[in-house]
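J.: One structure, pasted below without further comment.
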Amino acid sequence: MVMMTCGPKPVEPPAKLELKYFDGRGLMELPRQLLATAGKFAPADFTDSRYPIKVIDAAAYKFDTAEFDANRDSGAHGKQNLGRVPLCIADGKKPATSH
């Protein structure tokens, strides 16, 4: 009997994984939880890079995000993501995200 399979070939997990987002709960929380469920924890299994964020005036939505702003303005986030986060960088490759 011959076994047939459908779909793409199995993909090897990345050797190096980095998550980038602000220091807090948000869009990157689910990937962090999924990695933890799979037994993968920072910093041993992946790099959890979090940009500091300081609330200046919550009512007026004013925040200090100097480190993020500097990286965005320098192009460190890559053009394909329009300078936004969250970013999941696998083996140095920065795929685009959709929101």
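The values are calculated or read from the model by the stated rules, or taken from the named source; none is laboratory data. This structure is a prediction, so every number in the text was calculated from the model and none was measured. As a convention, Cβ positions derive from the backbone with ideal geometry for all residues, glycine included, and neighbour counts pool all protein chains shown.
J.: Residue check, residue 96 against (1) modelled with pLDDT under 85; (2) closer than 19 Å to residue 27 by Cβ; (3) out of contact with any helix residue (DSSP H, G or I) (no Cβ under 8 Å at 6 or more places or on another chain), all met but one. Which one?
T.: Residue 96 satisfies all of (1) modelled with pLDDT under 85; (2) closer than 19 Å to residue 27 by Cβ; (3) out of contact with any helix residue (DSSP H, G or I) (no Cβ under 8 Å at 6 or more places or on another chain) except (3).
J.: Tell me which residues, restricted to the stretch 12-46, are of a type in the set (Ser, Thr, Tyr) and farther than 27 Å from residue 72 by Cβ.
T.: Passing the criteria: only 37.
J.: List, please: which pairs have Cβ atoms under 8 Å, are six or more places apart or on different chains, and start with a residue in the stretch 68-83 that is within 18 Å of residue 18 (Cα to Cα) and end with one that is among the acidic types (Asp, Glu)?
T.: Listed by first residue and then by second, the contacts come to 83/73.
J.: Let me ask you something else. Six or more apart or on different chains, Cβ atoms under 6 Å: show the pairs whose first residue is in the stretch 10-38 and under 16 Å from residue 95 (Cα atoms) and free of Cβ contacts under 8 Å to residues at least 40 places away in the same chain and whose second is polar (S, T, N, Q) and assigned to a loop (DSSP other than H, G, I, E, B).
T.: Partner pairs satisfying both residue conditions: none exist.
J.: Which one of 48, 23, 57 is surrounded by fewer than 16 Cβ atoms within 10 Å (Cβ to Cβ), touching a strand residue (DSSP E or B) at 6+ places or on another chain (Cβ under 8 Å) and at pLDDT 90 or above?
T.: Within the list 48, 23, 57, the selection yields 23.
J.: Quick one: count up the residues across the stretch 8-20 that are at pLDDT 85 or above and touching a strand residue (DSSP E or B) at 6+ places or on another chain (Cβ under 8 Å).
T.: 5
J.: Here's a follow-up. Among the residues of the stretch 34-53 satisfying the criterion of being of a type in the set (Ser, Thr, Tyr) and in contact with a Lys or Arg (Cβ under 9 Å, 6 or more places away or on another chain), which is nearest to residue 13 (Cα to Cα)?
T.: This residue is 47.
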